[in-house]
Every structure is written in C-alpha cells, then in structure tokens.
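Note sheet for the following structure.
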Amino acid sequence: MRVKHFISVVALATLMVSCGTQKQTTSVGRGVEMDIPCQVYDDADYFRSSGTATNVNQQNARTAALNAAKSMINQKLGGTVKGITTDYQRTLAGNAQQEDIARLIEGELQMAVERTLNDAEQICEKMFRTDAGNYESWIGIQISKKKLAAEMEKGLSENERTRVVLDREKFEERNKKYFE
C-alpha cells in the first residue's frame with residue numbers, strides 16, 4: 001500500500017511539473033519585439049545604413065556607432081566596386097596589363113567610396129543612457145548614389161593610367177545599373 005501511495009505521489013508530482021513546463025515553453029514564443037531607432041533603408045537615390053554602439057563614454061559610443069554605419073555602407077559597396085572592376089577587366093581582355101589596371105581601377109574606386117563616406121550625411125541620431133550607466137548611440141547615415149558615381153568617375157579620370165583605358169561616357173553608361 002505504501003508503494004502504491006508513493007508511486008501515486010511521484011506520478012502526480014511528475015504530471016504537475018510537466019504541465020508547468022509545458023505552459024512555459026508554449027508561451028515563450030519569439031521573445032520581446034524591440035523598436036530599432038534610426039532604422040534606414042536604401043532607395044533609388046541613396047545608400048543608407050545605421051549603426052549602434054554602447055560605451056561608458058558618450059563620445060566613444062557616438063563615434064563607434066558612426067563608424068559601424070559607415071562600415072555597413074562600405075560592405076554594401078564592396079560588391080559594386082568588384083562588379084565595376086570585373087566589367088572593365090572583361091573589356092580589357094587581351095591586354096597584357098589587364099590585372100594591373102584592374103587593381104588600379106579597384107583602388108581608385110575604393111578611394112572614391114572612402115571620400116564619399118567621409119562626407120556622409122547624418123540623417124538620424126538617438127542617444128540613450130542604459131540602466132548600467134553606459135551610453136547607447138544609434139546613428140543613421142546616407143550617401144548619394146549620384147555623388148558616389150561622380151566621385152568614382154572623377155577619381156578614375158584624374159589618374160593618368162586609368163584615363164588612357166577608360167572613357168567617361170563608357171563609365172557612366174556601363175555602371176548605370178549599379179547606381180539606379
């Protein structure tokens with residue numbers, strides 16, 4: 001009798017624990033949805049990005065958030081720079097200096113991206129103080145696609161070696177797809 005009673009108590013306890021556990025797992029879901037400050041998206045005229053950083057120093061948090069936003073745009077444009085370089089490399093097929101010129105073009109385009117990012121327009125900034133006393137900074141930036149294309153063309157046309165290979169009209173026509 002004691003064994004039956006003991007087994008009944010264990011079974012009842014197991015049932016109660018499993019019921020409680022089951023309720024917790026079904027109610028967990030995806031978690032808490034958060035609003036993201038300074039969330040920005042590319043459009044037909046601009047490349048946009050946002051960055052965030054937390055630091056004990058307000059200015060360091062702000063600087064890190066701005067650098068994160070710039071880094072995101074730079075990553076987006078990495079494919080664009082590679083695509084333009086590859087397109088010109090195909091155009092130069094047969095040229096003995098094809099790889100050298102492709103490297104030169106890629107370098108000029110990357111410098112144009114850097115110059116444009118240095119002048120990025122800040123379109124959003126939010127600063128928070130966390131419960132722990134840190135500063136949380138959110139920054140959104142944008143760069144004009146037209147300005148970037150002009151800066152790339154300018155960099156390539158000012159370089160004597162690339163100017164011989166490239167033609168301004170060909171550059172604009174060939175790369176229209178990257179900036180529309």
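The values are calculated or read from the model by the stated rules, or taken from the named source; none is laboratory data. Predicted model only: the values in this text are computed from it and were never measured. Here the Cβ positions follow ideal geometry from the backbone for every residue, glycine too, while neighbour counts run over all protein chains shown.
See the values below:
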quantity: Residues of the range 116-143 that turn out to be surrounded by 15 or more Cβ atoms within 10 Å (Cβ to Cβ), of a type in the set (A, V, I, L, M) and over 13 Å from Phe47 (Cβ atoms), as a count; calculated: 1
quantity: Index of the failed condition, Glu125 passing every other in (1) in a helix (DSSP H, G or I); (2) touching a residue at least 60 places away in the same chain (Cβ under 8 Å); (3) of a type in the set (Asp, Glu); calculated: (1)
quantity: Matching residues, the range 26-66, being surrounded by 13 or more Cβ atoms within 10 Å (Cβ to Cβ), of a type outside the set (D, E, K, R) and in a helix (DSSP H, G or I); calculated: Gln58, Asn60, Ala61, Thr63, Ala64, Ala65, Leu66
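Conditions tested, residue by residue: (1) in contact with a Pro (Cβ under 9 Å, 6 or more places away or on another chain); (2) of a type in the set (S, T, N, Q); (3) assigned to a strand (DSSP E or B); (4) modelled with pLDDT of 70 or more.
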site: Arg90; (1), (2), (3), (4): no, no, no, yes
site: Ile101; (1), (2), (3), (4): no, no, no, yes
site: Ile105; (1), (2), (3), (4): no, no, no, yes
site: Ile141; (1), (2), (3), (4): no, no, yes, yes
site: Lys170; (1), (2), (3), (4): no, no, no, no
